[in-house]
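Data first, discussion second: the structure below is written as structure tokens.
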Amino acid sequence: MIARRCLGQVPADQRPLTGVAGRAGMLVPRVIAEAGDQAARRFLEFFAATIRNKNRRMAYYRAVVRFFAWCDKHKIGEIADIEPLHVAAYIEALGKDFEKPTVKQHLAAIRMLFDWLAFARIGAVVAMRVEDYYPKGKRWWVRLHEKGGKRHEMPAHHTLEAYLDAYIEAAGIRDGDKSPLFRSAVGRTGTLTATAMNRVDAWRMIQRRAAELGTRARMGCHTFRATGITAYLEAGGTLENAQAMAAHESPRTTKLYDRTGDEITLDEVERITI
């Protein structure tokens, strides 16, 4: 087992992954190592496969290790417990000690890593039961059970409504109110089980669909969350409403997912003529 056999005698907030994928001596933060071999390997692959420039790779590595050390200091025990609110708090604290370009680089590193690892609020989605998709007036709504016992309810987009109706009908689970809405499958048979899909199942499904499309972009659950928020804001939506739909405690958290500024930056860069 990668994470177990490579522990060694190192600081409590870090675990080594020596000799795996050619990255001898690279340290894996405790929270990643304790998430299991797959998470540890994915962490290492992130630097090996996505960042070709050596200097940038090391800068991003130092950035994410610093973030996970901060998580340890604040007693965030598992990677699944890390939420955008934690990232927002960390970035705000970082801004007191570093210049803006450095802070932006740290945020970019954390964003990219979590897109790669695909751990997000997808947990609330895969935990849904059939009864969490329900009629209210003339529309259908979805109910998400967030951490801390909070419930988040909002109307389903008409496209989501169409897809969910088709899925529920095909799966034959219309009357299974207390049963899982999104279910795992038996291998590649297409036959659904009575067991709920988990976050890893969702991530693997996204990777398969991305491969079928032939896209080279790295995609994960965070990618779709960011895309949804960005598309809403680009269509004239307000940050306050985006915050409410995303169930964020702070608008600063919602801004972490907003990619509209990326296009503005690119437009400004393209003004340069040489």
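The values are calculated or read from the model by the stated rules, or taken from the named source; none is laboratory data. Computed from a prediction, not measured in an experiment: that's the story for all the values here.
Taking the stated definitions as given, is V103 at pLDDT 85 or above and more than 16 Å from the chain's Cα centre (by Cα)?
yes
With a cut-off of at least 2 residues that are modelled with pLDDT of 85 or more, name the strands (runs of 3 or more DSSP E) lying wholly within region 138-240.
Working: elements: 139-145, 151-155, 183-185, 192-196.
The strands (runs of 3 or more DSSP E) meeting that bar are 139-145, 183-185, 192-196.
Select from region 34-88 the residues that are at pLDDT 85 or above and among the polar types (S, T, N, Q) and write down the one among them that is farthest from V200 (Cα to Cα). Full working, then the answer.
Taking region 34-88 and keeping what is at pLDDT 85 or above, we get 53-75, 86-88.
Still in the list and also among the polar types (S, T, N, Q): 53, 55.
Working: N53: 29, N55: 31 Å.
Out of the qualifying residues, it is N55.
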